[in-house]
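What follows is one structure encoded as structure tokens, with my remarks underneath.
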Amino acid sequence: MKKTMIAGAVGALLALGAGGAFAAAPDWGKVEAKDITLFYPGVSPLEWIQKGTEHGGARALRKGETCADCHSDETADMGKKIASGQKLEPNPIPGKAPAIPVKVQAAHDGENLYLRFSWKQPAASGAAKMDEANPVKIAFMLESGGKVELADQSGCWATCHQDSRTMPGADDAKKKYVKGGSVAEGKFYDLYQWRSGENKGFNGHVADTRVMEGGTALVSAEGKQDGDTWSVVFTRKLAGGEGDVTLESGKSYNFGFAIHNDNSAGRYHHVSLGYKLGVDADGDVKAAKQ
Amino acid sequence: MARLRRPSKKSLGGLLAVGIVVGILFWGGFNTVMEATNTEKFCISCHEMHDNVYMEYKETIHYSNRTGVRAVCSDCHVPKDWTYKMIRKIQASREVWGKITGTIDTREKFEAKRLELARREWARMKASDSRECRNCHSFDSMNKESQKQRARKQHEMALEDKMTCIDCHKGIAHHKPEGMTEEDEE
């Protein structure tokens, strides 16, 4: 009897655990895909985009325009200009991909949010590996309510600063941060990452500094490469703990993502402009209930 | 005496004819010389212009473009209207003094002074509501639909805020000077 009860309890726990880890992903063939082209940003931190003497759009930013309002159609061209060293890159890497077109799909089932990213692997540059362990890393960030200054307009740029590591002359220990960052006050970006080499998902946040762990919303992050095409699916609970953005139906959230391609690290990634993720709401990427 | 006091109609006519011819020659000569100073050849005959600003301008769309229309130095820097042109030419005579005394006769001297020179020209353009730009460009004739997203957005904002071309287009034909401040971009 005792044995039966223990076996039953273990079985129930296993079933619950499995339910959590393998939540029912949607039929991606039926979910609309949004095309977003990531581009190589070079050295263009938050400080740079606000500097009128260097960025013609600084005035537009002050007027409340978003980066995407002016640049969403030309990210591939921007990437070419920057990756080649023509602009904003003091240390161009020969053969570095200027841009990566990505398909983004989102859905939810009332309990979890599912985000799928797929893209074609660009040609390798042959440059020295910055991250030996991980040929590819993909991350996305969410921000709620525009509490972080410029989050509504600039996406991940609100976390990207000229004194963060790998920026010219910056301290190697200084990570991403947001101005006045505070999890308690809601001034933070919720951060998720999947690393190909380690085949592991991370759930952290960016407040006064960037941490890769501590979040409790991530259920799973799974990625694979079929031929030359990568696809990565993140599953996260709509609800979240400290340092996680709680997602509610009918609301939109600031959303941006980035790929570290070609064993790169730090600022040598490809990034999206700032977009909106709508949960049963309007957005550049829409997560509808399945 | 009577002959002296009363010149014949013939001689009066002759005097008038000579006056007209001299006037035409003088006026024609004056304008020809003034127009000669408006040519690109004249502008870049000084190495100060040729080696610095001209080389930068040659990289830009005002020098070479798909439609084959070129704006030379005077198109942007000298007014077309006669009165404004004369005022500008008189002001520009200072540059002769600059040439004689060698105020920008080396690259270093030019770079040290270019912000001051650029600010002077930007102020002139702003004061005239970018009159020389508008000899060719106007918001009315701009088809914003065929512009790139970024240009369209910027022009819509410029119209809304009653801005003038030079407010945004500093550095369109020459490199921007070092040391510009945020006020320069206001």
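Bear in mind these aren't lab numbers, they're just calculated from the coordinates by the rules spelled out. A quick note: this is a predicted structure, and the numbers were derived from the prediction, not measured. Cβ atoms come from the backbone with ideal geometry, glycine included; neighbour counts cover every protein chain shown.
Side notes on the structure shown:
- Applying a threshold of 8 Å to beta carbon distances and a minimum spacing of six or more residues, or different chains, the list of pairs starting in segment B:21-35 at a residue that is under 17 Å from B:TRP82 (Cα atoms) and ending at one that is among the charged types (D, E, K, R) reads B:MET34/B:LYS85; B:MET34/B:LYS89.
- Options A:GLY169, A:GLY240: the member that is surrounded by fewer than 17 Cβ atoms within 10 Å (Cβ to Cβ) and not hydrophobic (A, V, I, L, M, F, W, C): A:GLY169
- Residue in segment A:72-91 that is nearest to A:PRO135 (Cα to Cα), counting only those that are surrounded by 22 or more Cβ atoms within 10 Å (Cβ to Cβ) and in contact (Cβ under 8 Å) with a residue 60 or more places away in the chain: A:GLY79
- Scope segment A:59-97; condition more than 11 Å from every other protein chain (Cβ to nearest Cβ), on the phi > 0 side of the Ramachandran plot and out of contact with any Ser or Thr (no Cβ under 9 Å at 6 or more places or on another chain); matching residues: A:GLY85
- Screening segment A:25-58 for residues that are hydrophobic (A, V, I, L, M, F, W, C) and under 21 Å from B:ASP184 (Cβ atoms) and picking the one that is nearest to the other protein chains (Cβ to nearest Cβ) gives A:ALA58.
- Residue pairs whose Cβ atoms lie under 6 Å apart, separated by 6 or more positions or on different chains, with the first residue in segment B:143-159 and over 14 Å from B:HIS169 (Cβ atoms) and away from every other protein chain (no Cβ under 11 Å) and the second in a helix (DSSP H, G or I) and not hydrophobic (A, V, I, L, M, F, W, C), are B:LYS144/B:ARG152; B:LYS144/B:HIS155.
- Search result, residues across segment A:264-290 that are over 17 Å from the mean Cα position of the chain (by Cα) and assigned to a loop (DSSP other than H, G, I, E, B): A:ASP280, A:ALA281, A:ASP282, A:GLN290
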